[in-house]
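In what follows, a single structure is set out as structure tokens and then discussed.
The values are calculated or read from the model by the stated rules, or taken from the named source; none is laboratory data. Bear in mind that the values here come from a model prediction, so they are computed numbers and not experimental data. Reconstructed Cβ throughout: ideal geometry from the backbone, glycine too, with neighbour counts over all protein chains shown. For accessibility, only protein heavy atoms count, side chains too; no ligands or nucleic acids. Shrake-Rupley method; radii C 1.70, N 1.55, O 1.52, S 1.80 Å.
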Amino acid sequence: MDAKMLSRPTKALALSTGLALAALVGVSASLSGPAYAGPRSYADIRSISPQAGITRTVNTTKKSMLIPFGKSSTIELPGGMMDVIVSNPNIVDAIIHTQNRVLLVGKQPGQTNAFFYDINGNEVLELEIRVERDMAGLEALISQHAPGNNVSVKSFNNNILLSGEVENAGASKVVVDLATLWLGETTPGAAPGEITNIMTVLGNEQVMLKVRIIEMQRSVTKQLGIDFNALAQVGDASFGLLSNIGAGVGAGAGFGGNLAWTNSGGGALRSLTANLQALERVGLVRTLAEPVLTAISGETANFLSGGEFPVLTNVFIDAQGRLQREFEYRSFGVSLGFTPIVLSEGRISLNISTEVSEPTTEGAFEVNGAEVLAIRKRLANTVVELPAGGSMVIAGLIREENRLSSSGTPGVKDIPGIGALFRSRNSETTESELVVIVTPYLVKPTHPDKLQTPLDGFIPANDREAALLGRLNKVYGKNVKPDPKQRLFGPFGHVVD
């Protein structure tokens, strides 16, 4: 038993001694040849083979990859590697984990490339790398808040590109708003990004806006005045009494009367003259404007029917001593501007600005003999949300103004009864009502023959009808059959949803 145990170490020692001798012989054989310190560059590695007499050909693989900003990706090389070179370490950092595995970390948005070399110094992989924002979270938000839409999200040079198809402009706005939140992420070393929206909206985007501006004005004016003129003589002295309290009553209008009395029988009072002026005026003004304008969702449209008038702004003397005037032209008329956004087939957001204005002498004044007119405006600016075909009153005004004035002879006008003969009364009442109604429609193009214009059916009168009958256009009787070519078949008018 002891002999066997002693024989085993002896055999092991002999085997170890043999291996050591073989290793020593190999080392001495290698030392007998020329010494080689190794290559100085990768070009030398490619040109000088570490094993004499053996030529190896390694094919370089070229690939590209996208690394999310602030995250990492792993590269596996089955053949192993010796070194990794990154062109721009500020964009991508390479961390060699094992002989076959490299970890690439995206440090800031940009582009660079990396080269991988094996243990023999051969280039085995050339990798084009692009570091961009991670769009996975944004795609999840879009799927959650705008479901049912085919939206593609990509990042280029720190910018966000939105493409694909959405159901309506409302869904497009939601997607853009979500992408705007994603731009808030700070990326070092990169310029602030922007959003490029090339999404296609499948829904109808043509919006026609009809605005009705209705105004009614009613004014009532009542004036009553009495003028007295009396002449008396006491001895050699003459006295006159003149009351002109009815001067404010409009001359030539209303009712006017006078009374003249002359004393022929003698006495101090020689003559008495009285004039009575009474006026009542009632006025009614009706204003109706219905501008109609069509625009694409998200675009601004403007409409103006009116003109411009000059307004004096400056008066000066030029170098030659001549009087010069400067004028500025101001617009007036009916104007409409709006920006529609189709949120869905049943909801339209409207940013509306509408105005009706005209020059007026009310509030006008004169500058160096030139009259500067004022402008009377009815203006409304608002943002509302309406269904297609629905109406809403966006502005309204009820105004009532009363002006009362009384004038007369001091002291006498306050006497009960007869004091009414020595005072004048003026009363002005103005009432106005204004309503602005808007109605949006979703419209589509149609054939021009299906639309009507104000000239349809108009035929000017000939010379005989104009001279003998005083007509400006032809008149058709009730029993006259319409021209079949001008008849409209089916529904006609605005094409709306």
Original post:
Do we have any residue at all in the range 125-138 that's open to solvent by 60 Å² or more (accessible area, probe 1.4 Å), acidic (Asp, Glu) and at pLDDT 90 or above?
Top reply: yes
Original post:
Any chance the range 472-487 includes a residue that's modelled with pLDDT under 85, among the small types (Gly, Ala, Ser), out of contact with any Pro (no Cβ under 6 Å at 6 or more places or on another chain) and under 30 Å from Thr287 (Cβ atoms)?
Top reply: no
**OP:** Could you grab me the full set of residues in the range 461-471 that are within 52 Å of the chain's Cα centre (by Cα) and open to solvent by 80 Å² or more (accessible area, probe 1.4 Å)?
**Re:** Arg471
Original post:
Does the range 407-419 contain at least one residue that is surrounded by 14 or more Cβ atoms within 10 Å (Cβ to Cβ), without any contact (Cβ under 8 Å) to a residue 60 or more places away in the chain, over 14 Å from Arg212 (Cα atoms) and among the polar types (S, T, N, Q)?
Top reply: no
Original post:
Pick from the range 78-97 the residues that are assigned to a strand (DSSP E or B) and touching a Lys or Arg at 6+ places or on another chain (Cβ under 7 Å): which of them is most open to solvent (accessible area, probe 1.4 Å)?
Top reply: Asp93
Original post:
What is the one condition in (1) over 29 Å from Ala278 (Cβ atoms); (2) free of Cβ contacts under 8 Å to residues at least 60 places away in the same chain; (3) open to solvent by less than 30 Å² (accessible area, probe 1.4 Å) that Thr446 does not satisfy?
Top reply: (3)
**OP:** Consider Val102 carefully, then state whether it is more than 29 Å from Ile195 (Cα to Cα) and among the β-branched types (Val, Ile, Thr).
**Re:** yes
**OP:** Sort out which residues of the range 450-470 are touching a strand residue (DSSP E or B) at 6+ places or on another chain (Cβ under 9 Å), part of a loop (DSSP other than H, G, I, E, B) and modelled with pLDDT of 80 or more, and write them in order of number.
**Re:** Ile459, Ala461
Original post:
Any idea which of Ser391, Ser432, Ser407 is at pLDDT 80 or above, of a type in the set (Gly, Ala, Ser) and more than 30 Å from the chain's Cα centre (by Cα)?
Top reply: Ser432
**OP:** Looking at (1) modelled with pLDDT of 85 or more; (2) open to solvent by less than 100 Å² (accessible area, probe 1.4 Å), find the lone condition where Gly53 falls short.
**Re:** (1)
Original post:
Could you say which residue among Thr287, Thr361, Thr339 is open to solvent by 30 Å² or more (accessible area, probe 1.4 Å), farther than 30 Å from Glu431 by Cβ and not aliphatic (A, V, I, L, M)?
Top reply: Thr339
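Condition check ((1) at pLDDT below 65; (2) of a type in the set (Val, Ile, Thr); (3) more than 23 Å from Gly411 (Cβ to Cβ)) across all residues:
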residue: Leu209; (1), (2), (3): no, no, yes
residue: Ile214; (1), (2), (3): no, yes, yes
residue: Asn244; (1), (2), (3): yes, no, no
residue: Gly267; (1), (2), (3): yes, no, yes
residue: Ala295; (1), (2), (3): no, no, yes
**OP:** Could you run through the range 388-412 and say how many residues are among the β-branched types (Val, Ile, Thr) and in a strand (DSSP E or B)?
**Re:** 3
**OP:** May I ask you to say which residue of Ile348, Ile375 is modelled with pLDDT of 85 or more and either of a type outside the set (Phe, Trp, Tyr) or open to solvent by 30 Å² or more (accessible area, probe 1.4 Å) (or both)?
**Re:** Ile348
Subject >> Checking Val282 against (1) modelled with pLDDT of 75 or more; (2) within 30 Å of Asn426 (Cα to Cα); (3) surrounded by 14 or more Cβ atoms within 10 Å (Cβ to Cβ), the condition it does not meet >> reply: (3)
**OP:** Determine the pairs where a residue that is in a loop (DSSP other than H, G, I, E, B), located within the range 314-332, has a partner that is surrounded by 10 or more Cβ atoms within 10 Å (Cβ to Cβ) with Cβ atoms under 9 Å apart, the partner being 6 or more residues away or on another chain.
**Re:** Asp318/Gln324
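This table checks each residue for (1) among the small types (Gly, Ala, Ser); (2) modelled with pLDDT of 85 or more; (3) surrounded by 14 or more Cβ atoms within 10 Å (Cβ to Cβ); (4) over 30 Å from Leu404 (Cβ atoms).
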position	(1), (2), (3), (4)
Ile142	no, yes, yes, yes
Val175	no, yes, yes, yes
Gly189	yes, no, no, yes
Ile198	no, yes, no, yes
Original post:
Which residues, counting only those in the range 300-336, are loosely packed, with under 14 Cβ neighbours inside 10 Å, of a type in the set (A, V, I, L, M, F, W, C) and in contact with a strand residue (DSSP E or B) (Cβ under 9 Å, 6 or more places away or on another chain)?
Top reply: Val315, Phe316, Ile317, Leu323, Phe327
**OP:** Could you check how many residues of the range 333-354 are farther than 17 Å from Ile213 by Cα and over 15 Å from the mean Cα position of the chain (by Cα)?
**Re:** 4
